[in-house]
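Values in this text are rule-based calculations from the coordinates and carry no lab data. Just so it is clear, the model here is predicted, and its values are computed rather than measured. Positions of Cβ are backbone-derived with ideal geometry, glycine not excepted, and every protein chain shown enters the neighbour counts.
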Amino acid sequence: MNVVYTTYFSFLQDFMRAMRISNPQMRAIADQMEQDEVVRWASSLARARVTRWGGMISTPDAMLQAVIRRSLSESGCPPHIIDQLMENAHERRWPPGLSTLETRQMNRRHYESYICKRVPGKQAVVVMACDNRHMNDDMLLDPGLVMIFAHGIE
């Protein structure tokens, strides 16, 4: 039964995405469905605690990014945000509050306020905008960002 529901739901989402081009009301409905899908997925992930912020890998190589991308996909991450999340895994795309090593060091005390979710089976977390509305805009990206670590994720 769950497979039938999932298949039907995917078909409905694809249909609404196609319709959003010609119908503004469908665009709003499809956008809301996508946002709800992101919130559902984020809430399904386990909360993570970062014990060593200094272990953050700010410039992950292509192979490491591919491993994290696959884990996100396997965790049920909505396909429409995977590329954006992975682009946001590199410091060149990070928000101003994280953009340079110096800035990260100055803002380290703010990291503890992040609500981080574990990328299953990996030393990585996602910091989703939907979970972190309490953070300043200079510490957040929409839909979120991936932080990969050498160690220090519980």
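At a glance:
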{"read-out": "Environment charge at GLU102 (Cβ cut-off 15 Å; Lys +1, Arg +1, Asp -1, Glu -1)", "value": "+1"}
{"read-out": "Diffusion constant of region 47-149 at 10 °C, which comes from Stokes-Einstein with the Kirkwood Cα-pair radius and 1.306 mPa s, µm²/s", "value": "117 µm²/s"}
{"read-out": "Local net charge near PRO120, Cβ-Cβ under 12 Å (Lys/Arg +1, Asp/Glu -1)", "value": "+3"}
{"read-out": "At least 24 Å along the helix axis (C-alpha) and Kyte average at least 0.0, DSSP helices within the chain", "value": "2-19"}
{"read-out": "Dipole in debye (nearest 20) - the chain, about Cα centre, beta carbon charges: Lys, Arg +1; Asp, Glu -1", "value": "340 debye"}
{"read-out": "Local net charge near GLU87, Cβ-Cβ under 13 Å (Lys/Arg +1, Asp/Glu -1)", "value": "0"}
{"read-out": "Spin-label model distance (nm) - GLN84 vs PHE11, 7 Å beyond Cα toward Cβ", "value": "2.8 nm"}
{"read-out": "Over the chain: helical MRE at 222 nm, DSSP H runs n ≥ 4 each giving -39500 (n - 2.57), nearest 500", "value": "-14500 deg cm²/dmol"}
